[in-house]
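Enquirer: Next up is a structure, given as structure tokens.
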Amino acid sequence: MTALGTGPRAGTGAKRRIANLDGVRGLCAMVVVITHVAFSTGVVLGSESGPPQQGIWSILAVGLEVGLGPFFILSGLLLYKPFARHALVGTAKPRLGPFFLRRGLRLMPGYWLLTAFCLLVLNFTSIDSVWYVLRPLLLMQDYDFVWYAGMDPTWTIPTEAQFYLILPILALLMHKLAAGVEDPARKIRRMMIPLAVLVLGGWAFAGYMHMEHLGPWPPEFWWPFSRIGLFAIGMGLALLSVRAEQAPDAMPALYRAARKRPNLFWLGALASYLVICSAPLGTAGTWDYGGPEFALLQHVGFLVFAFLLMVPLVAPKASSPLMDTALSNGPTRFLGRISYGIYLWHFVVMYLYFRSGSIFGAPPVPAALLIGKVGFWEMLAVVVVGTIAIATLSYYFFERPLLRFGERLIAKREAARAASATAGQPLPVQKKEEERQKASV
């Protein structure tokens with residue numbers, strides 16, 4: 001099996017991490033942190049405050065919102081790839097039990113730990129009902145929108161979880177569309193149809209969210225559908241990656257281009273970032289909530305940036321000294337390993353440093369209302385150090401042990417299935433099918 005990318009590998013064993021993908025997770029996580037610190041310390045304000053407060057730095061800081069997109073593409077790519085192999089190569093269909101167990105253990109325990117901390121430490125005096133507690137635990141905060149101090153970036157967690165739920169359905173639909181088609185290229189084109197619909201639908205939804213009648217920052221802004229295009233792009237890259245593995249001589253043209261000129265893709269990503277910074281049809285260097293035309297252009301910019309950034313990292317044998325130097329070094333890979341904790345906890349560190357929350361004797365105040373209390377560089381240093389420390393503890397003493405526990409459960413179940421098959425005994429699925437057949441008779 002050909003691995004994604006060709007950068008140096010980190011770790012050993014059957015499931016070695018690919019260094020460049022760990023690295024891009026780490027860098028993107030830090031970009032998200034820098035973005036939120038900039039927004040929370042007045043580097044970026046609304047246009048009602050006048051020109052960008054810190055000139056070019058304010059303009060560049062707004063564009064750093066691009067750091068979130070690659071995470072969604074990676075999810076679509078890595079999680080759909082086994083389903084793509086099943087459809088294109090005929091490998092065994094991924095079993096949903098292990099899939100959901102792995103995804104649940106990766107996403108939910110760390111999130112629930114953060115939720116418990118924020119409810120008890122920062123938001124305790126704001127608890128006015130059982131629903132106030134259950135809402136974030138059940139991932140409903142995107143729909144029944146209520147702000148929770150310290151959980152500001154967690155609107156993406158329901159988005160990710162719901163993608164896990166619909167992925168098998170999408171995979172089945174795409175598999176059905178390709179059924180009976182022998183030509184691999186034609187088969188892939190058919191499977192791309194639902195993905196294209198999702199990309200266009202997400203783009204249209206971005207424009208809808210910015211309709212005037214909804215007002216600025218409506219609850220719909222946090223709904224998952226606005227990010228579905230990024231997941232779909234990742235799934236499309238998974239199809240191309242499986243095709244490249246299956247027939248290296250018939251490698252898709254996109255991946256051939258990435259192998260030949262990988263840095264050109266990154267140059268295109270940089271250009272997309274700069275276009276986003278310039279805020280066409282908007283006001284550069286501000287956090288203004290623009291109209292539909294502005295939103296549609298920005299949405300395209302985010303998609304293009306994430307796509308161009310990721311293609312040379314997943315195309316087989318696409319590599320460059322620039323990419324390996326930037327992403328394959330030890331510190332960046334380490335940040336990638338703990339990137340989920342970095343993403344979850346960095347706002348908690350900010351609120352604790354602002355001394356805003358129930359633990360300090362009063363209900364929390366949103367970071368946007370605390371601007372001016374702390375400078376950017378002071379806050380960034382505190383948040384980076386504090387967040388890395390918490391994320392490291394969370395990963396090694398909480399997240400990783402649970403993931404390993406899940407792998408042991410799966411391995412035990414697989415061993416039992418293998419032993420049952422070897423002994424000639426029907427597997428549970430076979431037993432159910434036999435019972436159905438008997439019932440029909």
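The values are calculated or read from the model by the stated rules, or taken from the named source; none is laboratory data. None of these values were measured; they are calculated from a predicted model. Neighbour counts run over all protein chains shown; Cβ positions are idealised from the backbone, glycine included. Surface accessibility is based on the protein's heavy atoms, side chains included, excluding ligands, DNA and RNA. Shrake-Rupley method; radii C 1.70, N 1.55, O 1.52, S 1.80 Å.
Enquirer: Can you say whether residue 189 is closer than 23 Å to residue 85 by Cβ, of a type in the set (Lys, Arg), open to solvent by 20 Å² or more (accessible area, probe 1.4 Å) and assigned to a helix (DSSP H, G or I), as far as the supplied structure shows?
Expert: The answer is yes for residue 189.
Enquirer: Working only within region 264-297, note down all residues that are closer than 23 Å to residue 233 by Cα and in contact with a helix residue (DSSP H, G or I) (Cβ under 6 Å, 6 or more places away or on another chain).
Expert: 265, 268, 269, 272, 273, 275, 276, 277, 292, 295, 296
Enquirer: Still on this structure: Small (Gly, Ala, Ser) and either at positive phi or open to solvent by 20 Å² or more (accessible area, probe 1.4 Å) (or both): does that describe residue 306?
Expert: Spelling it out, it is not the case that residue 306 is small (Gly, Ala, Ser) and either at positive phi or open to solvent by 20 Å² or more (accessible area, probe 1.4 Å) (or both).
Enquirer: Given the condition within 30 Å of residue 291 (Cβ to Cβ) and open to solvent by less than 10 Å² (accessible area, probe 1.4 Å), answer yes or no: does some residue in region 215-228 qualify?
Expert: yes
Enquirer: Among 170, 122, which is the only one that is within 21 Å of the chain's Cα centre (by Cα) and at pLDDT 95 or above?
Expert: 170
Enquirer: Between a first residue in region 126-142 that is small (Gly, Ala, Ser) and a second residue that is surrounded by 14 or more Cβ atoms within 10 Å (Cβ to Cβ), which pairs have beta carbons less than 6 Å apart while being 6 or more apart in sequence or on different chains?
Expert: Matching pairs, first to second residue: 126/363.
Enquirer: Here is a list: 66, 62, 121. Which entry is more than 27 Å from residue 307 (Cα to Cα), touching a residue at least 60 places away in the same chain (Cβ under 8 Å), β-branched (Val, Ile, Thr) and assigned to a helix (DSSP H, G or I)?
Expert: After applying the criteria, what remains is 121.
Enquirer: In the set 226, 241, 272, which member is among the hydroxyl-bearing types (Ser, Thr, Tyr) and farther than 28 Å from residue 177 by Cβ?
Expert: 272 is the lone residue from the list that is among the hydroxyl-bearing types (Ser, Thr, Tyr) and farther than 28 Å from residue 177 by Cβ.
Enquirer: I would also like to ask the following. Only one of these is open to solvent by 50 Å² or more (accessible area, probe 1.4 Å) and assigned to a loop (DSSP other than H, G, I, E, B): 267, 281. Name it.
Expert: Going through 267, 281 in turn, the sole match is 281.
Enquirer: Looking for whichever is among the aliphatic types (A, V, I, L, M), surrounded by 16 or more Cβ atoms within 10 Å (Cβ to Cβ) and under 24 Å from residue 410 (Cα atoms) here; the options are 151, 108. Which one fits?
Expert: Only one candidate passes the filter, namely 108.
Enquirer: Within region 287-294, identify whether any single residue is open to solvent by less than 20 Å² (accessible area, probe 1.4 Å) and either within 20 Å of residue 37 (Cβ to Cβ) or part of a helix (DSSP H, G or I) (or both), and answer yes or no.
Expert: Within region 287-294, none of the residues are open to solvent by less than 20 Å² (accessible area, probe 1.4 Å) and either within 20 Å of residue 37 (Cβ to Cβ) or part of a helix (DSSP H, G or I) (or both).
Enquirer: Ok, one more. Return the residues of region 231-249 that are open to solvent by 10 Å² or more (accessible area, probe 1.4 Å) and either without any contact (Cβ under 8 Å) to a residue 24 or more places away in the chain or under 19 Å from residue 159 (Cβ atoms) (or both); say none if nothing qualifies.
Expert: Within region 231-249, 233, 249 meet the criteria.
Enquirer: Mind checking which pairs have a first residue in region 396-425 that is farther than 19 Å from residue 99 by Cβ and a second that is open to solvent by less than 60 Å² (accessible area, probe 1.4 Å), Cβ under 8 Å, 6 or more apart or different chains?
Expert: What qualifies is 398/109; 398/110; 420/426; 420/427; 421/427.
Enquirer: Shifting gears a bit: When you look at residue 301, is it open to solvent by less than 30 Å² (accessible area, probe 1.4 Å), under 30 Å from residue 112 (Cβ atoms) and in a helix (DSSP H, G or I), yes or no?
Expert: no
Enquirer: Pick out the one residue from 166, 157 that is open to solvent by less than 40 Å² (accessible area, probe 1.4 Å) and out of contact with any Pro (no Cβ under 8 Å at 6 or more places or on another chain).
Expert: 157
Enquirer: Follow-up. Please verify whether residue 40 is in contact (Cβ under 8 Å) with a residue 12 or more places away in the chain, of a type in the set (Ser, Thr, Tyr) and farther than 19 Å from residue 232 by Cβ, treating the condition exactly as stated.
Expert: When the stated conditions are applied, residue 40 passes them.
Enquirer: Just checking: which of the helices (runs of 4 or more DSSP H) contained wholly in region 315-412 hold 3 or more residues that are more than 22 Å from the chain's Cα centre (by Cα), surrounded by 17 or more Cβ atoms within 10 Å (Cβ to Cβ) and of a type outside the set (S, T, N, Q)?
Expert: 339-354, 376-394
Enquirer: So if I check each of 143, 208, which one is in a helix (DSSP H, G or I), modelled with pLDDT under 95 and hydroxyl-bearing (Ser, Thr, Tyr)?
Expert: Being in a helix (DSSP H, G or I), modelled with pLDDT under 95 and hydroxyl-bearing (Ser, Thr, Tyr) holds for just one of 143, 208, which is 208.
Enquirer: Across region 150-184, which residue is nearest to residue 110 (Cα to Cα) among those that are among the aliphatic types (A, V, I, L, M) and in contact (Cβ under 8 Å) with a residue 60 or more places away in the chain?
Expert: Going through the qualifying residues, I end up with 151.
Enquirer: Quick check: anything in region 171-179 farther than 30 Å from residue 112 by Cβ, in contact with a Phe, Trp or Tyr (Cβ under 9 Å, 6 or more places away or on another chain) and crowded, with 22+ Cβ neighbours inside 10 Å?
Expert: For region 171-179, residues farther than 30 Å from residue 112 by Cβ, in contact with a Phe, Trp or Tyr (Cβ under 9 Å, 6 or more places away or on another chain) and crowded, with 22+ Cβ neighbours inside 10 Å: present.
Enquirer: If you check 18, 56, which single one turns out to be at pLDDT below 95, open to solvent by 50 Å² or more (accessible area, probe 1.4 Å) and aliphatic (A, V, I, L, M)?
Expert: Exactly one residue qualifies, and that residue is 56.
Enquirer: Considering only region 425-435, I want to know if a residue exists there that is at pLDDT below 85, open to solvent by less than 60 Å² (accessible area, probe 1.4 Å) and assigned to a helix (DSSP H, G or I).
Expert: Yes - at least one qualifying residue is present in region 425-435.
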